[in-house]
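Here's the structure we're looking at; comments come further down.
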Amino acid sequence: MPPASQAKGFINSMKVTRDCAFFTFKADSPLVSKPAVLKSYVFRKVCKGERCYEELARTEKRKVTVSLSGTREILPWEKDVFSVCLKDTAVSAKVIEASSKYKITKTPGAEIYEINAAASAKLRTAPDNAGITAQSWSVSGETGSLKLVLKDKWSEIYGLSQTEKTVIKLTVRQDKTAWFDGVVFEKEITLAPAEHYRIDLSEYASELKQPLQDGRKYYAQWSFSRKGGISKNSFVNGGETARVVFPVR
């Protein structure tokens, strides 16, 4: 039987699939990835009269790796992510997430198709979402007021620069049953990087929208940002604390 392209009355068209793999490099990752096998299927649409069907024309396969080179600066919480795709015989690569500027080159090979990403200038990225966490929310035994303690996982890194600051956006609310929770305190507080940030409402007594009331439940909502040259200044939502009865009885 002659090929479909030569058969009388056949009309042919092609459909190509696209296969992609993602390569992630962290601070402690090897600079050469493990290989990934990409497969692209090329289908031929064959029609004879009103009857049409697809048949596999060929399969393209490439074993690909990604390697990093150049002056790469990456912080412990950052990562570099690349995607490599195969469509028919064409291999494409792009940067998905990066701690540095990268120039990508492609080197085809009989066994391995290598993608090289050469790093140059450092980029500012978003801060670690889990870099600052709530350690405690309680009534202070020393001042008798509400106190929030946050722990900074990366204080040593940010503390190396005298220009770096930590901004805490804090909102304290009174928990009201079957009613909107009233805002008691709201403020952005700028602090030098430290292992712990201790925010005691006694220091902001004049800024409270209403006095703290005995027997009432209070909770804190907070977020943080890094102000300086290391990370982007975007705010990260830290969440909210558990409810605490004021004062503790």
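The values are calculated or read from the model by the stated rules, or taken from the named source; none is laboratory data. Not measured: the values here are computed from a predicted model. Cβ placement follows ideal geometry from the backbone for every residue including glycine, while neighbour counts extend to all protein chains displayed.
So is Ala27 crowded, with 16+ Cβ neighbours inside 10 Å, within 30 Å of Gly131 (Cα to Cα) and modelled with pLDDT of 95 or more or not?
no
Count, please, the residues in region 169-192 that happen to be under 27 Å from Gly228 (Cβ atoms) and of a type outside the set (Val, Ile, Thr).
The number of residues fulfilling the criteria is 8.
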* For Ser92, all conditions in the list (1) touching a residue at least 12 places away in the same chain (Cβ under 8 Å); (2) surrounded by 13 or more Cβ atoms within 10 Å (Cβ to Cβ) hold save one; what is the number of the exception? -> (1)
* In this structure, does Ile132 turn out to be of a type outside the set (Ser, Thr, Tyr), under 30 Å from Thr241 (Cα atoms) and either exposed (fewer than 13 other Cβ atoms within 10 Å of the Cβ) or touching a residue at least 60 places away in the same chain (Cβ under 8 Å) (or both)? -> yes
* Taking region 147-170 on its own, how many of its residues are closer than 22 Å to Pro211 by Cβ and touching a Phe, Trp or Tyr at 6+ places or on another chain (Cβ under 7 Å)? -> 2
* Structure fact -> In region 34-76, residues that are more than 18 Å from Ala90 (Cβ to Cβ) and of a type in the set (Gly, Ala, Ser) total 4
* What number of residues in region 192-220 are in contact (Cβ under 8 Å) with a residue 24 or more places away in the chain and assigned to a loop (DSSP other than H, G, I, E, B)? -> 11
* Asked: Just to be sure, is Lys151 assigned by TED's automatic domain parsing to the domain that holds Gly229, in a strand (DSSP E or B), surrounded by fewer than 18 Cβ atoms within 10 Å (Cβ to Cβ) and touching a residue at least 24 places away in the same chain (Cβ under 8 Å)?
  -> yes
* To do: Filter region 30-54 down to the residues that are modelled with pLDDT under 95 and in a loop (DSSP other than H, G, I, E, B), then identify the one that is surrounded by the fewest Cβ atoms within 10 Å (Cβ to Cβ).
  => Glu50
* Is at least one residue of region 123-133 modelled with pLDDT of 95 or more, more than 17 Å from Lys227 (Cα to Cα), in a strand (DSSP E or B) and not charged (D, E, K, R)? -> yes
* Report whether or not Pro193 is modelled with pLDDT under 95 and either more than 24 Å from the chain's Cα centre (by Cα) or not basic (Lys, Arg) (or both). => no
* Asked: Which one is surrounded by the fewest Cβ atoms within 10 Å (Cβ to Cβ) among residues in region 175-191 that are acidic (Asp, Glu) and in a strand (DSSP E or B)?
  -> Glu188
